[in-house]
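The structure appears right after this line, and notes come after that.
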Amino acid sequence: MNAVESMEEIFKRIIVARNGKSNLNFIGVHIENMDDEIYNYILSRLIRQIDIVKKYNPKVRPAIDPMVSSELGVYSGLDFPEEYGALMGYPKCCIESFKSARFGIDNEHLKEAEEIKKEIKNDILENNKDVKEKVAIIMPSGFIPCSLKCKKAWERNLISIVSYKEYSLIQDLEAELFKELPHFHGAYNEYYEKILLL
């Protein structure tokens, strides 16, 4: 599943919840009872975000528009991490890790990043590759994986390593998202978590 397909799945889950057919209890009821104007507003912002993401076709989807996430109750729904994780398509192992009070990139993640960095440097030296081929680990802002090496998160394109060119495109994507979908959520200065590998 690519970045756009991942976002379209979230969009579909919101519509299913609105129609009362979701297996998401708390968030399903919240979306079902949402004022029509607010519901249409979040769908229009999410559609706009998907359209922008299509232009750039990143390996990993960005964080969902903070205005959409706020209206869905993502930031106030920490009592229901399983439901929000399911809505966002996160692996169960990552949801369980988050539930254990792991709310940000921590020392364990940074240690894994150092291991990945060493593997990449060895690969570059052994195979005479360009350093610009692998410059950063990226993931959607707000997604805290159980491990940077989580196979399920990699398979779902929630974590990837990007080249210099891809990293530059992600910065352009973020700039366009900020311009086209302005918001004032202080926790989301960026749509991606980035761990530089150089």
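Read the figures in this text as sums done on the coordinates, not as results from a lab. Being a predicted model, the structure only gives us computed values, none of them experimental. Glycine also receives a Cβ, built like all others from the backbone with ideal geometry; neighbour counts cover every protein chain displayed.
Given a cut-off of under 8 Å on Cα pairs at least six residues apart, what relative contact order in percent is computed for region 1-103? Each step should come with its number before you reach the end.
Details: 83 pairs, mean separation 33.5, N = 103.
Answer for region 1-103 is 33 percent.
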Practice task
Evaluate the relative contact order of the chain (contact order divided by residue number), counting alpha-carbon pairs under 8 angstrom at least 6 apart; express in whole percent.
Solution key: 27
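Would you mind calculating the relative contact order of region 136-178 from Cα pairs under 8 angstrom and at least 6 residues apart, reporting the percent as a whole number? Walk me through the numbers before you get to the answer.
Working: 22 pairs, mean separation 19.8, N = 43.
Rounded, it is 46 percent for region 136-178.
Restricting things to Cα coordinates, could you compute the convex hull volume per residue of region 3-196 in Å³? Don't jump to the answer; show the numbers that get you there.
Numbers: hull volume 21.8 nm³, N = 194.
In region 3-196, the Cα convex hull volume per residue is 112 Å³.
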Handout entry: Positive-pole candidate from 22, 73, 140, dipole of the chain, charges at beta carbon
Key = 140
Fill in the blank from the handout: With +1 on the Cβ of every Lys and Arg and -1 on the Cβ of every Asp and Glu, the dipole magnitude of region 3-196 about its Cα centre, in debye rounded to the nearest 20, is 480
Handout entry: Within the chain, helix-based [θ] at 222 nm, where runs of 4 or more DSSP H residues each add -39,500 (n - 2.57), nearest 500
Key = -17500 deg cm²/dmol
Handout entry: Among 126, 176, 83: highest mean-square fluctuation, GNM of the chain, C-alpha pairs under 10 Å
Key = 126
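Students often get this wrong, so check it: of 55/117; 59/121; 121/149; 118/149; 59/111; 151/179, which have C-alpha atoms separated by over 25 Å? Walk me through the intermediate numbers first.
Details: 55/117 30 Å; 59/121 21 Å; 121/149 17 Å; 118/149 14 Å; 59/111 23 Å; 151/179 34 Å.
Exceeds cut-off: 55/117; 151/179.
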Problem - Cα-based helix-to-principal-axis angle, 36-56 vs the chain, degrees rounded to 10 - result: 20
Practice task
At 7 Å along the Cα-to-beta-carbon direction for both residue 171 and residue 123, put a label point, then send me their distance in nm to one decimal.
Solution key: 2.2
Practice task
Measure nothing fancy, just the Cα-based angle from helix 3-18's long axis to the longest principal axis of the chain, in degrees from 0 to 90, nearest 10.
Solution key: 20
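Return the loop-located chymotrypsin sites (Phe, Trp or Tyr not before Pro) in region 79-159 (DSSP other than H, G, I, E, B) with at most 14 other Cβ atoms within 10 Å of their own Cβ; answer none if there are none. List each step's numbers first, then the result.
Details: sites: 84, 98, 103, 143, 154; in loops: 103, 143.
In loop regions of region 79-159 (DSSP not H, G, I, E or B), the sparsely surrounded chymotrypsin sites (Phe, Trp or Tyr not before Pro) are 103.
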Exercise for the section: For the chain, set up a Gaussian network in which alpha carbons nearer than 10 Å are linked by springs, and say which option among 23, 40, 127 fluctuates the most. Expected result: 127
